[in-house]
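In what follows, a structure is listed as structure tokens, so that the remarks can point back to it.
Bear in mind that the values in this text are calculations on the coordinates, not laboratory data. Keep in mind that what you see is a predicted model, and the values were worked out from it rather than measured. Glycine gets a Cβ as well: all are built from the backbone with ideal geometry, and neighbour counts include every protein chain shown.
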Amino acid sequence: MVLFSIGGRMTDKAPTQGTVMTSFNDTRHLWALGAFLAAVGLVGMVVRREMIPDDFGTTGPYRASALDDIAAQPSLFQADATCHACHEAVKHERAGKSHEAVRCAHCHGLAVDHVAMARRGAEDATVALPPAAEWDGDFLTKADLYISKDRATCLSCHEAVVGMPADFKKIDVAVHLEEQGASEPLSRETCFECHGGHDTAP
Amino acid sequence: MSLFELPILSTLGAAAAGGCASGGCASGGCSTGGCGTAPAERTSENSRREFLKTATTLTLGAMSLTLLPGVTAGDDMLPLPPPGGDGHAPAAKPMYGFLIDTTKCIGAGKCLTACRVENSVPDGQSRTWVERYVHYKDGRVEVDLVPETGYAGSGEVQPAAEDVLQAYFVPKLCNQCVDAPCNQVCPVHASIKSPEGIELVDTERCIGCGYCVQACPYGIRFMNHDTGVADKCNWCYHRVMRNEQPACVEACPTGARVFGRIDDPDSEISKRLATVPTNVLKQHLGTLPLTRYVGLTDEVT
């Protein structure tokens, strides 16, 4: 008996039976092949199930809950409406003025902590708002509220730069100060000696 | 002659020598020893055919198992649900648009900081930027990037105004292409076109291959140094879903950035789009951007 011979026994009897159309009777190997393929398929299915999130493809070719994950990101940059909810006088002070479109955050920072404390304070009277912080030259990046009257804040928009629209109010600092007769040394709050912040009219 | 035919032939050859009673052999005469090879080859043909038949059936059968419904966890070829179905968006999906008015931008860079802070973008990288195009009187056109704190105090040498013919700022951000190349190339479906038409990155699924960064013709996408995965402007999707304006729009002091629903004829952006001629970037690529620009020159497009 041959122990390993592919197809070795398939036609042992065929010629004696007088037929050319011998049948393939070595089915054992086919079963082995089938079992192997089935096992591969099974492993593939398990791997696929493990790799693909449950909610994949329910709303489109992506993980549906990713939309919720992204939408859960907190909004840091506060719209002016948030500030005006408490500081209503400022809203009226700025209404219709040239700085109406300038956001509170530009001169007072993101004030994330300030807003959070104020919201807690609305429910709990013992929560006191911290005083405004010192402006350290960074725009927006501080979590605390600050009040910047530094001229760098004003000039970050208004210093004349090539490319600005013709109708934008821009100044060449040296020329403007000379015109106004400003005396040296200039204070950090030079601009506020003539202009307001909320109402900028000189 | 393949390997597994060899023993068949040798066995058949031996059998044929013993008694050659097959039909094919009878016609040709069985007296010669060479006659034995004819039925042997034919039998080999038949067995191979049968073998292939059976093997193919089994293979196809095994493969078809994976197609059974319920066997697999999900199928990426599922059609989109009908409008009004459940999910994240309301029945009538809002359509958003973004309008950049280059004639209003002053290059203050407020939008850049707002975006960085809002979306925790690492230093040295940005989801949005502002280019300045300076056309000189001698025909040169130079482009530079607005510093995040604006030109004031940046110490950069500015072009002399008398040499300049024309200059303007062009803010850049994701164009949210309807036919987005970045979306198509993602191998793991981490690029999402939300039901509202906003292109998002699933940072959990992204494997950081960077293919989408290469694919974006506008250079919007980048590999976030902190997270190691793709990052991009998503029109502040989280804010938009709360009916807030994107951070850069909120931060713009001159109204150069306008965001809103283009399916609402009363929105500011709809009114602006209806009255002012606008253009898109790289229109020839056919990506169908949703971000539209006022005042684009040929140098920009």
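Over the range B:151-219, calculate the relative contact order: mean separation of alpha carbon pairs under 8 Å at least 6 apart, over the residue count, as a percent.
Relative contact order comes out at 27 percent.
Using the Kirkwood radius over Cα pairs, work out the Stokes-Einstein diffusion coefficient for the range A:80-193 at 20 °C and 1.002 mPa s, in µm²/s as a whole number.
Estimated via Stokes-Einstein, D reaches 132 µm²/s.
Could you derive backbone 3J(HN,Hα) for the range B:115-132 from the dihedral phi with the Karplus parameters 6.51, -1.76 and 1.60 (θ = phi - 60°), listing whole Hz in sequence and x where the residue is Gly or Pro?
Ordered by residue, 3J(HN,Hα) equals 5, 4, 5, 4, 10, 6, 7, x, 4, x, 10, 7, 7, 9, 8, 10, 9, 10 Hz.
Efficiency by 1/(1 + (r/R0)^6): what FRET value for residue A:81 and residue B:165, r their Cβ-Cβ distance, R0 = 60 Å, to the nearest 0.05?
According to the calculation, E is roughly 0.90.
Report the Cα centroid-to-centroid distance between the range B:219-286 and the range A:150-200 in angstrom, as an integer.
Between the Cα centres of the range B:219-286 and the range A:150-200 lies a distance of 31 Å.
Please list, in order along the range B:155-168, the HN-Hα scalar couplings obtained from phi with the Karplus expression 6.51 cos²θ - 1.76 cosθ + 1.60 (θ = phi - 60°), rounded to whole Hz, x for Gly and Pro.
With the stated coefficients, the range B:155-168 comes to x, 6, 6, 8, x, 6, 4, 6, 8, 9, 7, 7, 8, 7 Hz.
When B:136, A:62 are ordered from fewest to most other Cβ atoms inside 10 Å of their Cβ, what list results?
Going from least to most buried by this count: B:136, A:62.
Spelling out what I want: for every residue of the range A:107-119, take phi, set θ = phi - 60°, compute 6.51 cos²θ - 1.76 cosθ + 1.60 (Karplus), and round to whole Hz; glycine and proline get x.
Rounded to whole hertz, the list is 10, 10, x, 5, 6, 4, 5, 4, 5, 5, 5, 5, 5.
7 Å from Cα along Cα→Cβ at both residue A:32 and residue B:56: what's the point-to-point distance in nm?
With each label point 7 Å from Cα toward Cβ, the separation is 2.4 nm.
Only counting other Cβ atoms within 10 Å, I'd like A:98, B:126 sorted with the fewest neighbours first.
Sorted ascending by nearby Cβ count, the order is A:98, B:126.
Can you sort B:104, B:137 by how many other beta carbons sit within 10 Å, fewest first?
B:137, B:104
Mind listing the long-range amide H neighbours of residue A:147? Cut-off is under 5 Å, sequence gap 5 or more, other chains count too, H placed in the peptide plane at 1.01 Å from N.
A:133, A:135
Just report the Cα centroid separation between the range B:154-203 and the range B:97-131, whole Å.
Rounded to whole Å, the Cα centres lie 10 Å apart.
Quick check: pseudo-label points 7 Å beyond the Cα along Cα→Cβ at residue B:225 and residue A:175, how many nm apart are they?
Modelled inter-label distance: 3.9 nm.
Explain nothing, just the number: dipole magnitude of the range A:80-193 about its Cα centre with +1 on each Lys and Arg Cβ and -1 on each Asp and Glu Cβ, in debye rounded to the nearest 20.
I would put it at about 340 debye.
Taking amide H positions as placed 1.01 Å from N in the peptide plane, with prolines and chain starts having none, which residues 5 or more places from residue B:177, or on another chain, fall under 5 Å of its amide H?
For residue B:177, the qualifying residues are B:290.
Considering just Cα atoms, how many Å³ per residue does the convex hull of the range B:95-301 enclose?
Normalising the Cα hull of the range B:95-301 by residue number yields 130 Å³.
Taking amide H positions as placed in the peptide plane 1.01 Å from N, state which residues far from residue A:159 in sequence (5 or more) or on other chains have amide H under 5 Å from it.
For residue A:159, whose amide H was placed from the backbone, the distant partners under 5 Å are A:171.
Å³ per residue of the Cα convex hull, for the range B:163-231?
Convex hull of Cα atoms, per residue: 125 Å³.
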